[in-house]
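Let me begin by presenting the structure, written as structure tokens, before commenting on it.
The values are calculated or read from the model by the stated rules, or taken from the named source; none is laboratory data. On a predicted model such as this, the values are computed, not experimentally measured, just so you know. Don't worry about glycine lacking a Cβ; one is built from the backbone with ideal geometry, like all the others, and counts go over all protein chains shown.
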């Protein structure tokens, strides 16, 4: 029975990291769907979320909630600035140029974070204490509940936004066919800007809610970003449930792999899955056909 | 020479081509015409291996080449040009034509990096051959120009030279006169006839009716993804269905 | 019009002075610290040329080059330090194995394009990096692998910067020469054709898939040799030298120097290797500078320094020329 308890514990923690990957992955998908770009800087928004919250909280002594809101706002501004300064001027650039630009943006943001905040690892206080909650034989931290709650709310909000608001529908139109969207009067450039703003905000939220559990530093964005991308790839670059499932699958596999096989190779799991999916099912696990993107 | 049998192509729910069959006779110039959206370019993309058809077959000299990749078709003697000319923009005109000679050479990575004597000889032969095709199309003076800097009309000629360098059995030209002025179109017509005289079969998709009626030996008319008519230019001009397709609902 | 012979001369006109300059350089600072830095310029040039063949000529991105470099280094290190193999033999065996590996993974990976290719090669690079760290029994893990011998030939052991300089630059210059030959050949034209229009290249009969995989494997083999040379020079290797950051650094070198320019790769490698040595502060700011350079070069000087600087000089000269005309 001992092993079964352990497994349920791994499943729970896998679910919560999976939720984080899902949030980051949805950010990837939103930008990809409106621009065709894989934004290598996505992970840096995650890092900014955690680091900025910490900065407002400890350096400026602001209350937690205010710090969080400010952190999301600043990260979103960084996303907007990045789009305006580096993406928009490159309108007709080749995919390789765009890959290089977003990689450049990624290490530039990371580097600036390092200059400002140094190389140390920091812990963000949990939102509501550290008293574990008993769930059968497994325990769960209040922070895990925060993670689940925030993820569910964000995913529902984005679903509502894309399905029921004018600008959300316009963004879907751009994703489907940006030229046609432009012809019917949708301001495609603004939608691209929106997509960067939204995914920066989502990424930073992911970074904020995970920071109390995993610590944060200037370079956490690389791995979190890449795993978010992996979630999105499993989900077939969907900005909804596909990527959520992708994140959960990845989170649980990682957690089980780390617990039952080897913790050292934990990080490799995501990349092995990433390679397998890219090579065997580039349209993701849940979608049929449409291999356009390869 | 080229036989298209029952080609059908669906994209999702849209049928772009429905059961299209025709032959391109050896040594002739065959024109494929039709209103916009008739499926002409799709047909070319299928014949040249860029699209995989939903159904139907393509035979080249009696050999079933359906689903063959373009590079394989090239070695079998089929080559094409593109509506919006696909040149290698950052390479010189001469180098573009030398890429057309790719299949004529056999030097690989090792021979090329070591400049083995036979590779050097092969390279020299390729250059000479490339100049031959530049002369054939009359653009020798542009040999060292970067292809991306060519005016559109010269780009067409280069694309033709590059295709001819393969010494194909059949050349498919996708709207060769598109974007050309009337003088350039006239030159092109002469060039296409010159290609045919050198024993190469030509198939072309074209909008310029005057050009098509002028140089083609046979014409296939497509409309809304189906073959509407087939015949000599005179027969097509007198075909009432064709006339109504062009003038009527289109 | 340039016939074959004059084209050859054209290349020689650049290569011979370049090679002489490189070979004469140690005379300027015989055993100094700078000589050591220039040994690394050689290794980085080798890596940048290898990546440029793939990225600059064939237009296929790889964010996993550090993995091939690392496989070369660790492969040689393990075979010599742990198993006592002859270093030369180890270098050749490892390069062959890395070539075969790249060839095998190249077929599925190079079916991907653009962003997806970037992600897949990145994923491969990170997996290899994790193995370097975790396979402690074989690689020594994070603390590294030591006791790697120097190369030796006849009675000469390559144990000083001076000797290593000539060893590594000998191999690098040879690679540059062979690469120049390659890019000006049927194969080189095929690669550039893929870059400009893949569909047209296929229609011309270029076996695009095979050629991409071949150049990927070649690039991996050169990187592996660079790795072996690195291991024999340092006599110690540890995983940090072969991470994602180094792959990005290599891409930066190629972009700064100029995509599709062999000499540009040297320029990019030299700049990014020398800069940290001259600017002490650069060491703290390095990733900021790389990030800035990647964005700046891609946006404003996509041809890299080798094309950007002459263009800039030309533009300035033109402006001065115009002013003169106005004056007259």
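Which of the residues spanning region C:197-213 are surrounded by fewer than 23 Cβ atoms within 10 Å (Cβ to Cβ) and in contact (Cβ under 8 Å) with a residue 40 or more places away in the chain?
C:209, C:211, C:213
For region A:111-148, filtering for residues that are closer than 26 Å to residue A:6 by Cβ and in contact with a strand residue (DSSP E or B) (Cβ under 6 Å, 6 or more places away or on another chain) leaves 3. Checked against (1) part of a loop (DSSP other than H, G, I, E, B); (2) under 15 Å from residue B:78 (Cα atoms), residue B:3 passes all but a single condition, namely (1). Within region A:235-284, track down each residue that is within 16 Å of the chain's Cα centre (by Cα) and in a loop (DSSP other than H, G, I, E, B). Hits for region A:235-284 are A:235, A:236, A:237, A:238, A:239, A:240.
Here residue A:64 meets each of (1) out of contact with any strand residue (DSSP E or B) (no Cβ under 9 Å at 6 or more places or on another chain); (2) touching a residue at least 40 places away in the same chain (Cβ under 8 Å); (3) surrounded by 18 or more Cβ atoms within 10 Å (Cβ to Cβ) with one exception, condition (3). Only one entry in A:53, A:35 is at pLDDT below 90, surrounded by 19 or more Cβ atoms within 10 Å (Cβ to Cβ) and either more than 17 Å from residue A:225 (Cβ to Cβ) or within 14 Å of another protein chain (Cβ to nearest Cβ) (or both), namely A:35.
Considering region C:214-242, the residues that are within 19 Å of residue B:107 (Cα to Cα) and surrounded by fewer than 24 Cβ atoms within 10 Å (Cβ to Cβ) include one that is farthest from the other protein chains (Cβ to nearest Cβ), namely C:217. Quick one: residue B:125 ticks every box in (1) within 9 Å of chain C (Cβ to nearest Cβ); (2) under 24 Å from residue C:208 (Cα atoms); (3) free of Cβ contacts under 8 Å to residues at least 24 places away in the same chain bar one, so which box is it? Every listed condition holds for residue B:125 apart from (1).
This table checks each residue for (1) surrounded by fewer than 19 Cβ atoms within 10 Å (Cβ to Cβ); (2) farther than 23 Å from residue C:214 by Cα; (3) within 19 Å of the chain's Cα centre (by Cα).
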residue	(1), (2), (3)
C:78	no, yes, no
C:95	no, no, yes
C:102	no, no, yes
C:110	no, no, no
C:113	yes, no, no
C:119	no, no, no
C:132	no, yes, no
C:143	yes, yes, no
C:152	yes, yes, no
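Check off (1) under 16 Å from residue C:57 (Cβ atoms); (2) facing chain C (nearest Cβ under 7 Å); (3) in contact with a strand residue (DSSP E or B) (Cβ under 9 Å, 6 or more places away or on another chain) for residue B:80 and give me the number that stays unchecked. Residue B:80 satisfies all of (1) under 16 Å from residue C:57 (Cβ atoms); (2) facing chain C (nearest Cβ under 7 Å); (3) in contact with a strand residue (DSSP E or B) (Cβ under 9 Å, 6 or more places away or on another chain) except (1).
The strands (runs of 3 or more DSSP E) located wholly in region B:27-116 that include 1 or more residues which are touching a residue at least 60 places away in the same chain (Cβ under 8 Å) and crowded, with 23+ Cβ neighbours inside 10 Å occupy B:29-33, B:78-81. Might you check whether a residue that is over 21 Å from residue A:27 (Cβ atoms) and either away from chain C (no Cβ under 14 Å) or touching a strand residue (DSSP E or B) at 6+ places or on another chain (Cβ under 6 Å) (or both) occurs anywhere in region A:149-156? Within region A:149-156, not a single residue is over 21 Å from residue A:27 (Cβ atoms) and either away from chain C (no Cβ under 14 Å) or touching a strand residue (DSSP E or B) at 6+ places or on another chain (Cβ under 6 Å) (or both).
Condition check ((1) in contact with a strand residue (DSSP E or B) (Cβ under 7 Å, 6 or more places away or on another chain); (2) under 30 Å from residue C:134 (Cβ atoms); (3) free of Cβ contacts under 8 Å to residues at least 60 places away in the same chain) across all residues:
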| residue | (1), (2), (3) |
| --- | --- |
| A:209 | no, yes, no |
| A:238 | no, no, no |
| A:262 | no, yes, yes |
| A:281 | no, yes, yes |
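Scanning region C:249-266 for residues that are more than 8 Å from chain A (Cβ to nearest Cβ) and in a helix (DSSP H, G or I) turns up C:249, C:250, C:252, C:253, C:254, C:256, C:257, C:262, C:263, C:264, C:265, C:266. Annotation note: of C:317, C:269, the sole residue that is in a helix (DSSP H, G or I) and modelled with pLDDT of 95 or more is C:269.
Within region A:119-137, can one find any residue that is within 12 Å of chain C (Cβ to nearest Cβ) and modelled with pLDDT under 90?
Taking every residue of region A:119-137 in turn, at least one turns out to be within 12 Å of chain C (Cβ to nearest Cβ) and modelled with pLDDT under 90.
The single residue among A:62, A:115 that is more than 20 Å from the chain's Cα centre (by Cα) and either closer than 27 Å to residue C:194 by Cβ or within 13 Å of another protein chain (Cβ to nearest Cβ) (or both) turns out to be A:115. Restricted to region C:128-169, and to residues that are out of contact with any helix residue (DSSP H, G or I) (no Cβ under 9 Å at 6 or more places or on another chain) and in a helix (DSSP H, G or I), which residue is farthest from the other protein chains (Cβ to nearest Cβ)? Here the answer is C:163.
Of the residues making up region C:170-177, at least one is within 25 Å of residue C:33 (Cβ to Cβ) and buried (at least 24 other Cβ atoms within 10 Å of the Cβ). Screening the candidates C:46, C:8, C:34 for the property of being surrounded by 14 or more Cβ atoms within 10 Å (Cβ to Cβ), outside any loop (DSSP other than H, G, I, E, B) and at pLDDT 95 or above yields one hit, C:46.
Do we find that residue C:102 is under 29 Å from residue A:28 (Cβ atoms), away from chain A (no Cβ under 14 Å), in contact (Cβ under 8 Å) with a residue 40 or more places away in the chain and in contact with a helix residue (DSSP H, G or I) (Cβ under 8 Å, 6 or more places away or on another chain) in this structure? When the stated conditions are applied, residue C:102 passes them.
In the list C:309, C:295, C:287, which residue meets the criterion of being more than 14 Å from chain A (Cβ to nearest Cβ), in a helix (DSSP H, G or I) and more than 16 Å from residue C:48 (Cβ to Cβ)?
Values: C:295 fails: more than 14 Å from chain A (Cβ to nearest Cβ); C:287 fails: more than 14 Å from chain A (Cβ to nearest Cβ).
Selected residue: C:309, the only one of C:309, C:295, C:287 that is more than 14 Å from chain A (Cβ to nearest Cβ), in a helix (DSSP H, G or I) and more than 16 Å from residue C:48 (Cβ to Cβ).
For region A:177-187, the condition of being assigned to a helix (DSSP H, G or I), out of contact with any helix residue (DSSP H, G or I) (no Cβ under 6 Å at 6 or more places or on another chain) and under 21 Å from residue A:242 (Cα atoms) holds for none of the residues. In this structure, residue A:92 does not qualify as more than 26 Å from residue A:28 (Cβ to Cβ), more than 23 Å from the chain's Cα centre (by Cα) and assigned to a loop (DSSP other than H, G, I, E, B). Among the residues of region A:20-33, is any farther than 21 Å from residue A:245 by Cβ and in a helix (DSSP H, G or I)? No, there is no match, as no residue in region A:20-33 is farther than 21 Å from residue A:245 by Cβ and in a helix (DSSP H, G or I). Filtering region B:133-152 down to residues that are surrounded by 16 or more Cβ atoms within 10 Å (Cβ to Cβ) and free of Cβ contacts under 8 Å to residues at least 40 places away in the same chain, which residue is farthest from the other protein chains (Cβ to nearest Cβ)? Ranking the qualifying residues of region B:133-152, first place goes to B:133.
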